[in-house]
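Every read-out reported here was derived from the displayed coordinates using simple, explicitly stated rules and does not represent laboratory data. Being a predicted model, the structure only gives us computed values, none of them experimental. Ideal geometry is used to build each Cβ from the backbone, glycine not excepted, and the neighbour counts take in all protein chains shown.
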Amino acid sequence: MILSNLSLQNFRSYAKKTFEFSTGTTLIVGPNTAGKTNILEAIAFLATGKSFRADQDREAIGWGSEMTWIKSQISNLNDQISLEVVITQGEVQGQEVPMKKYLVNGVPRRQVDFVGNLRAVLFWPEHLELVTDSPSIRRKYLDSVLVQVDREYRRNLSSYERGLRQRNRLLDLINEGKAGRGQLLFWNQLLIKAGEYITEKRGELIDFVNRYKMSDVRYQIEYDKSVISESRLEQYAAEEVGAKATLVGPHRDDFVVMKSQIPNPNDQANIKQLSKYGSRGEQRLAVLWLKLAELSYIEQESGERPILLLDDIFSELDEGHRRLVVDLVGKQQTILTSADEASVPKEILGAAKVIRL
């Protein structure tokens, strides 16, 4: 799979711009605020159907505009495929609501059918939050990997999210005495069915990541899963009505990243939780481990290497791990950014197409 070009209209800082990429390595160079990360965000949007930066789609629309448009051409074996995402600022009951449309070769598609045409792995400095920040970020990360390789996961995740919203609204009505608990039965069954699939696939991904080894340090993820079942929903029945929210299920999953030294990886005195006790350097290397494992997982599940997106990372790594990334870059199409061209290893710079902003 090769990303040939990317056209942006009213996306973030770009009023109208087209970029052409090398089949090997493309380096995008420019000062901070020049829009380098915006390009990677748009590519990732095409891969996952969502922004990795924005909480709401409207944030991607250029200032003062009513719509944004992302379009690309990709080559997959002997096929040329056009992918488009259009986000239009609309109104529902007087409130602004972004309307999102996905197209493959000009034909509208549901998100579940759009995602998976392009696959990408992104590594950017802010990914430290995967180790240190809120559980919602870690859940979003697991979803961003799995939706690219598993259509059933996409379908079940969409069903679960829709059902969760409906069930929470119903809990609110029950709290106010405007509905009865019997009305929860349909939504309980929907969430249990979809939730079981989500939990299973997240567990499989985490098991794969835990088998991935990097250097002389062993990293490990501990999966704190929130299992959803009839008995657990019944267990929290009263608390849910009081909270007006569903209190169990994969929407409350989390994971913890641990580090231990080899050759004694199972010595409890030698294991530490990186969010609490890790240095920024250790946390950064843990994210690199996650990303390398993610790259390997997507290749295993899809049968092809995803595009590697690297956002100004060489200033963040020590020499040994810079070498690890250098060795990786040539194994798939890679698009990377840098504010300082001199910081890019010469092996990459010599082989890369350079775009200067």
- Query: Using +1 on the beta carbon of Lys and Arg, -1 on that of Asp and Glu, and nothing else charged, what's the dipole of region 1-113 about the Cα centre, debye to 20?
  - Reply: 140 debye
- Item | Residue-averaged 222 nm ellipticity for the chain, from DSSP H runs of 4+ at -39500 (n - 2.57), nearest 500 | -12500 deg cm²/dmol
- Message: Which one, LEU170, LEU142, ASN38, is farthest towards the positive end of the dipole of the chain when Lys and Arg carry +1 and Asp and Glu -1 on their Cβ?
- Response: LEU170
- Using only C-alpha atoms and all pairs of different ones, pull out the Kirkwood radius for region 273-357 in Å with one decimal. 14.1 Å
- Query: Rounded if a/c is under 1.5, else prolate if a/b beats b/c, else oblate: with a ≥ b ≥ c from the C-alpha gyration tensor eigenvalues square-rooted, which is the chain?
  - Reply: oblate
- Task: Please get the size of the charge dipole for region 154-238, origin at its Cα centre, with Cβ charges of +1 on Lys and Arg and -1 on Asp and Glu, quoted in debye to the nearest 20.
- Result: 340 debye
- Report the antiparallel proportion of the DSSP beta bridges in the chain as a percent, rounded to a multiple of 5. 75 percent
- Dipole of region 270-327 [Lys/Arg +1, Asp/Glu -1 at C-beta], most positive-end residue of LEU317, LEU274, LEU285: LEU274
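What helices does the chain have that are whole DSSP H segments, at least 18 Å long along their own axis by Cα, and with mean Kyte-Doolittle hydropathy of 0.0 or more?
Working: long enough: 36-48 (19 Å, 0.96); 151-175 (36 Å, -1.48); 185-211 (39 Å, -0.17); 280-302 (33 Å, -0.30).
Qualifying helices: 36-48.
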- Scanning the chain for GluC sites (Glu not before Pro) in DSSP loops with at most 14 other Cβ atoms within 10 Å, what's the longest stretch left with none? 177-303
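Suppose every Lys and Arg Cβ carries +1 and every Asp and Glu Cβ carries -1, with no other charges. What dipole size does region 135-287 come out with about its Cα centre, to the nearest 20 debye? Walk me through the numbers on the way to the answer.
Working: 27 positive and 21 negative charges, 99 e Å.
So the dipole magnitude of region 135-287 works out to roughly 480 debye.
Using 0.36 nm times the number of residues separating LEU173 and VAL227, minus their current alpha carbon distance, what extension gain do you get? Could you put the intermediate results ahead of the total?
Working: separation 54, 0.36 × 54 = 19.44 nm, distance 2.48 nm.
Full extension of this stretch gives 17.0 nm more.
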- Relative contact order in percent for the chain (Cα pairs under 8 Å, 6+ apart) equals 23 percent
- Item | Restraint check, LYS259/LYS331; LYS71/LYS353; LYS100/LYS201; LYS50/LYS201; LYS36/LYS225; LYS201/LYS346, Cα-Cα greater than 29 Å | LYS36/LYS225; LYS201/LYS346
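Please list, by residue number, every one of the trypsin sites (Lys or Arg not before Pro) in region 100-155 that is coil in DSSP and has at most 12 other beta-carbon atoms within 10 Å. Mind showing how you got there, number by number?
Numbers: sites: LYS100, LYS101, ARG109, ARG110, ARG119, ARG138, ARG139, LYS140, ARG151, ARG154, ARG155; in loops: ARG110, ARG119.
Sites meeting the loop and neighbour criteria: ARG110.
Does region 1-156 come out rounded, prolate or oblate by the C-alpha gyration tensor, with a ≥ b ≥ c the root eigenvalues, rounded set by a/c under 1.5 and, if not, prolate when a/b is larger than b/c and oblate if not?
Values: a/c = 1.08, a/b = 1.06, b/c = 1.03.
Rounded, since a/c falls under 1.5.
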- When the Kirkwood hydrodynamic radius is evaluated over all pairs of different C-alpha atoms of region 135-287, what value in angstrom, to one decimal, is obtained? 17.3 Å
